[in-house]
1. Angle between the Cα long axis of helix 126-143 and the longest principal axis of the chain, 0 to 90 degrees, nearest 10?
2. Quote to one decimal, in nm, the extra length available between residue 5 and residue 144 on full extension: 0.36 nm per residue of separation minus the C-alpha distance between them.
3. Full extension from residue 106 to residue 131: what is 0.36 nm times the residue separation minus their Cα-Cα distance, to one decimal in nm?
4. Give me the extension gain from residue 99 to residue 114: residue separation times 0.36 nm, minus the current Cα-Cα distance, reported in nm with one decimal.
5. Roughly what would the spin-label model give for residue 26 and residue 123, points 7 Å off Cα along C-beta, in nm?
6. Between 39, 131, 61, find the one with the highest GNM mean-square fluctuation for the chain; connect C-alpha pairs within less than 10 Å.
7. Working from Cα positions, state the angle (0 to 90°, nearest 10) between the long axis of helix 65-77 and the longest principal axis of the chain.
């Protein structure tokens with residue numbers, strides 16, 4: 001494997017793993033004490049791709065379908081998600097956010113964006129941000145899920 005590609009992947013992984021941990025540890029927000037990072041991620045995925053099946057949600061999160069059942073139950077019990085039937089297959093159930101679930105996603109995003117904007121202010125030039133966006137748009141198109 002190309003050394004630069006390997007380094008890029010390793011850096012990306014480190015930023016994702018340690019960046020998430022730092023944000024959760026540093027930002028004192030009750031939202032992140034009430035919901036786990038995995039629950040927030042599930043809400044964000046449903047917000048972006050919903051209505052979505054639990055199987056597709058498991059694929060996007062990279063976990064076995066049984067691993068998300070408990071999280072889904074908790075989110076449903078808290079009134080953040082709901083199950084809806086499809087028009088074509090009454091047995092199939094799709095997950096969608098409730099209004100409260102959408103509010104939680106927007107609040108989480110706002111807190112994250114404000115923190116990262118403050119953290120990166122004066123550290124990253126506008127041109128670097130533009131390069132970052134261009135590269136991630138390209139990667140998104142290359143890695144796009146089937147059917148999107």
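Read-outs: derived from the displayed coordinates by stated rules, not from any lab. For clarity, every value in this text was computed on a predicted model and none was experimentally measured. Every residue, glycine as well, gets a Cβ built from its backbone with ideal geometry; the counts of neighbours run over all protein chains shown.
1. It works out to around 40 degrees.
2. Values: separation 139, 0.36 × 139 = 50.04 nm, distance 1.87 nm.
Taking 0.36 nm per residue and subtracting the Cα distance, the gain is 48.2 nm.
3. So the extension gain works out to 6.4 nm.
4. Working: separation 15, 0.36 × 15 = 5.40 nm, distance 2.26 nm.
Gain on extension, residue 99 to residue 114, equals 3.1 nm.
5. Label at residue 26, label at residue 123, 0.5 nm between them.
6. Of the options given, 131 has the highest mean-square fluctuation.
7. 70 degrees
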